[in-house]
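Novice: Before anything else, here's the structure in question.
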Amino acid sequence: MTYQDTLNWLFAQLPMYQRQGKSAYKADLSNTYLLVEHLNNPHLNFKSVHVAGTNGKGSTSHMLASILQEAGYKVGLYTSPHLKDFRERIKINGQVVNKQFVMGFVKRNKGFFEKNQLSFFEMTVGMAFEYFSKQKVDIAVVEVGLGGRLDSTNVITPELSVITNIGLDHTQFLGNTLKKIAGEKAGIIKPQVPVVIGETQNETKDVFKTIAAQNNSNITFADNEVELVLESDLKGSYQFKNIKTAIQAIKELTFKGWAIPEECLKSGLLNVTKNTGLLGRWQVIKENPKVVCDTGHNREGLTYVMEQIKKETFKTLHIVFGVVNDKDLDSIIDILPKQAVYYFCKPEISRGLPAKELKRFFNDNGLRGDAYGSVNEAYKNALQNVSSADFVFVGGSTFVVAEII
């Protein structure tokens, strides 16, 4: 199989949450334990930091990896989803996994995968763990895919667990209250392993404190501990919370003996994009007119983004917007600006919501705009309609952003 054949097999044959939704979610870890045993337990060969949360876990994971790289460590980074290339999910010191390894891993284990009907997530986690083990990383930053307790990544015993915050997202799997979702995310808290919570929220703090106490885990809330917010190349005021979380996480690692000087903390935060290749977080695509994209896609994520847009100076706001078909539009419609001109589009995946349906819903709620045949067509029309004093935002879904960067 060529590299493309290998990817096609990975994506097409197996349920994958990103493309199919609920059918890809598995309700226990038995397959993952079966897989790591088959691979000779690669996850036991490297130290790790485990990062969960509704929003900010991707940015925080990249910040932590960047800081650890600046401190001279060989750092694995496992994140999801990818934007342009599957290999973005598995990196060491900012370099994506090579194609030969992806092809070889699938070729060696294809029979086992098929026999045990492993999911896309399970196979990808196994691939990352084997790569990190073989490459002898000093530490890996491992981002949870979905939830925590039942996520395929949750077979590791990390140096530190991090939970950024809790919002209402993926409620069909994780529960429909903040408390229930917090209980799922708190599933990554391990016995005697310290845990950093990014944001103190009244509805969730007691859930975390209880589960930390049951596990004899030291718990700290970053927003209560960190007063000085250092600068980062990741722009957007919503990153302040993630910066505080990263700073507290690094502090906890230093308590455990990791050597991370203050200057490495500062330079790591300032060079996240350069060190890790992170894309799609308040990313400025062009100036005059200013065009920004952001992968925020749930109520909390989009609220942060809309607050950031309010800080910009512009004559007219143009928004290129598309979502997936299980998005609860009622939960986001009130935070989207009424005065903007919208360009509705469907991301190019089976789960994309048809642009005409999106337009109908928005128009019924007093927001104006037209539907277009593709993300690129919507984006081109937006660029044709703007003056240099205007502002263009592209978002609503990770998949919309992926098509324009």
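Novice: Return the residue satisfying two criteria in turn: it lies in the stretch 180-209 and is touching a residue at least 12 places away in the same chain (Cβ under 8 Å), under 15 Å from Gly148 (Cα atoms) and basic (Lys, Arg), and of such residues it is surrounded by the fewest Cβ atoms within 10 Å (Cβ to Cβ).
Specialist: Lys190
Novice: Further question on the same structure: Considering only the stretch 370-386, state which residues are open to solvent by 50 Å² or more (accessible area, probe 1.4 Å), in contact (Cβ under 8 Å) with a residue 12 or more places away in the chain and either assigned to a strand (DSSP E or B) or out of contact with any helix residue (DSSP H, G or I) (no Cβ under 7 Å at 6 or more places or on another chain) (or both).
Specialist: Within the stretch 370-386, Asp370, Gly373, Glu377, Leu383, Asn385 qualify.
Novice: Go through the stretch 29-50 and count every residue that is open to solvent by 10 Å² or more (accessible area, probe 1.4 Å) and either on the phi > 0 side of the Ramachandran plot or assigned to a helix (DSSP H, G or I) (or both).
Specialist: Counting residues in the stretch 29-50 that are open to solvent by 10 Å² or more (accessible area, probe 1.4 Å) and either on the phi > 0 side of the Ramachandran plot or assigned to a helix (DSSP H, G or I) (or both) gives 10.
Novice: So is Asn154 modelled with pLDDT of 95 or more, closer than 14 Å to Val49 by Cα and surrounded by 18 or more Cβ atoms within 10 Å (Cβ to Cβ) or not?
Specialist: Details: modelled with pLDDT of 95 or more: yes; closer than 14 Å to Val49 by Cα: yes; surrounded by 18 or more Cβ atoms within 10 Å (Cβ to Cβ): yes.
Yes.
Novice: Taking the criterion of being over 20 Å from Gly94 (Cα atoms), in contact (Cβ under 8 Å) with a residue 60 or more places away in the chain and not hydrophobic (A, V, I, L, M, F, W, C), would at least one residue in the stretch 218-234 satisfy it?
Specialist: no
Novice: With respect to Ser237, determine if the residue is touching a residue at least 40 places away in the same chain (Cβ under 8 Å) and under 29 Å from Val207 (Cβ atoms).
Specialist: Taking the combined requirement at face value, the residue satisfies it.
Novice: Hey, another quick one. Output the residues belonging to the stretch 66-119 that are farther than 30 Å from Ile404 by Cα, open to solvent by 10 Å² or more (accessible area, probe 1.4 Å) and in a loop (DSSP other than H, G, I, E, B).
Specialist: Scanning the stretch 66-119 gives Ala71, Gly72, Tyr73, Lys74, Gln117.
Novice: Kindly check whether there is at least one residue in the stretch 359-370 that is modelled with pLDDT under 95, of a type in the set (Lys, Arg) and either over 28 Å from the mean Cα position of the chain (by Cα) or within 12 Å of Val323 (Cα to Cα) (or both).
Specialist: Looking for residues that are modelled with pLDDT under 95, of a type in the set (Lys, Arg) and either over 28 Å from the mean Cα position of the chain (by Cα) or within 12 Å of Val323 (Cα to Cα) (or both), one finds none in the stretch 359-370, hence no.
The values are calculated or read from the model by the stated rules, or taken from the named source; none is laboratory data. All values reported here derive from a predicted model rather than from experimental measurement. Reconstructed Cβ throughout: ideal geometry from the backbone, glycine too, with neighbour counts over all protein chains shown. Ligands, DNA and RNA are stripped out before the accessible areas are found, and what is left, the full protein with its side chains, is counted by its heavy atoms. Shrake-Rupley method; radii C 1.70, N 1.55, O 1.52, S 1.80 Å.
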